[in-house]
1. (1) modelled with pLDDT of 95 or more; (2) of a type in the set (Val, Ile, Thr); (3) assigned to a helix (DSSP H, G or I): which one isn't true of Val134, the others all being true?
2. Scan Leu146, Leu180, Leu162, Leu189 and give me the residue that is at pLDDT 90 or above, surrounded by fewer than 17 Cβ atoms within 10 Å (Cβ to Cβ) and in contact with a Phe, Trp or Tyr (Cβ under 9 Å, 6 or more places away or on another chain).
3. Out of all the residues in region 87-94, is one or more open to solvent by 40 Å² or more (accessible area, probe 1.4 Å) and either free of Cβ contacts under 8 Å to residues at least 40 places away in the same chain or polar (S, T, N, Q) (or both)?
4. Are there any pairs, at least 6 apart or on different chains, whose C-beta atoms fall under 8 Å, with the first in region 34-48 and within 14 Å of Ala17 (Cβ to Cβ) and the second among the small types (Gly, Ala, Ser) and open to solvent by 50 Å² or more (accessible area, probe 1.4 Å), and if so, which?
5. List pairs: first residue in region 1-15 and outside any loop (DSSP other than H, G, I, E, B), second residue at pLDDT 85 or above and open to solvent by 70 Å² or more (accessible area, probe 1.4 Å) anywhere in the structure, Cβ distance under 9 angstrom, at least six positions apart or on different chains.
6. For Leu21, work out the one condition from (1) crowded, with 18+ Cβ neighbours inside 10 Å; (2) part of a helix (DSSP H, G or I); (3) in contact with a helix residue (DSSP H, G or I) (Cβ under 8 Å, 6 or more places away or on another chain) it doesn't fulfil.
7. If I filter region 38-68 down to residues being in a helix (DSSP H, G or I) and basic (Lys, Arg), which single residue comes out as nearest to Ala91 (Cα to Cα)?
8. Can you find a residue in region 48-61 that is surrounded by 14 or more Cβ atoms within 10 Å (Cβ to Cβ), among the basic types (Lys, Arg) and closer than 18 Å to Ala108 by Cβ?
Amino acid sequence: MSRKNKVPLADRVVRSAEASLAARHFASAIDILVGIGWLDPGAAERWRRGQVDCLEEAIPTDPARVSEAMRLFRSWATAQGLLANPTEYVARTPRRQPLRFSRSGDPALEESYRTHWVSPELSEKKRERLAEKVSRAPELVVVQPLNTDWTCHRCGGTGDLLMMETPGPACLRCAGLDGLEFLPAGEALLTRRAKARSTRYAVVVRFSKTRRRYERQGLLVEPQAAADAARPTPAAGGG
């Protein structure tokens, strides 16, 4: 494609923002960067797992161009009358550390990146529910590996489950998830009840060679939560 036929950046930003707004009633900086092709979704996921120091390191684009795209996004959102909603971003790790967007860590820049722009057509109650949903800490994910010949990069141990970290796989003890009980998928009600009662939990996944994707195998929960969830619910009324 010749330079004169390229879609202007402003148009690409607006298209991405409009698509996100139509699909989810809000638009974010990550939506724009992924939508215009500057941020690979896989790289964004590694950042969410705490494997990349800051989001800007995962964007192979001139920082000046990234700043221009973010400026265009904010200008569009303001012109559309969207409502600014600063949102918390925490890592998908047991420590739940805050995620950093910029190399500089400048507070104003960080807030700009993590601000979601929400449709004013939503009622106040729906906006509150949406804010709660997007600010919720992401679920921890542990892997049931196909290759059982692996070692923890921290202690040299192994196990049936692992959590991926930047240096390599970590055993559940080193990841701080040891002592949890595995509930296999298949009993949705039991799983929901145990999850609601457990202060710590993690989703267990396994890679499917046929479908070429990770598939949910069950949930790790605290043993007491599993026991409470399995206890029969007293019948209403009485004899």
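1. (1)
2. Only one candidate passes the filter, namely Leu146.
3. No, there is no match, as no residue in region 87-94 is open to solvent by 40 Å² or more (accessible area, probe 1.4 Å) and either free of Cβ contacts under 8 Å to residues at least 40 places away in the same chain or polar (S, T, N, Q) (or both).
4. Gly35/Ala19
5. Taking only residues 6 or more apart or on different chains, the pairs are Leu9/Arg65.
6. The number of the failed condition is (3).
7. Arg48
8. Scanning region 48-61 turns up no residue that is surrounded by 14 or more Cβ atoms within 10 Å (Cβ to Cβ), among the basic types (Lys, Arg) and closer than 18 Å to Ala108 by Cβ.
The values are calculated or read from the model by the stated rules, or taken from the named source; none is laboratory data. Model, not experiment: these values are computed from the prediction. No Cβ is skipped: glycine too gets one built from the backbone with ideal geometry, and neighbour counts run over all protein chains shown. Each accessible area value is taken on the protein alone, full model and side chains, heavy atoms only, with ligands, DNA and RNA left out. Shrake-Rupley method; radii C 1.70, N 1.55, O 1.52, S 1.80 Å.
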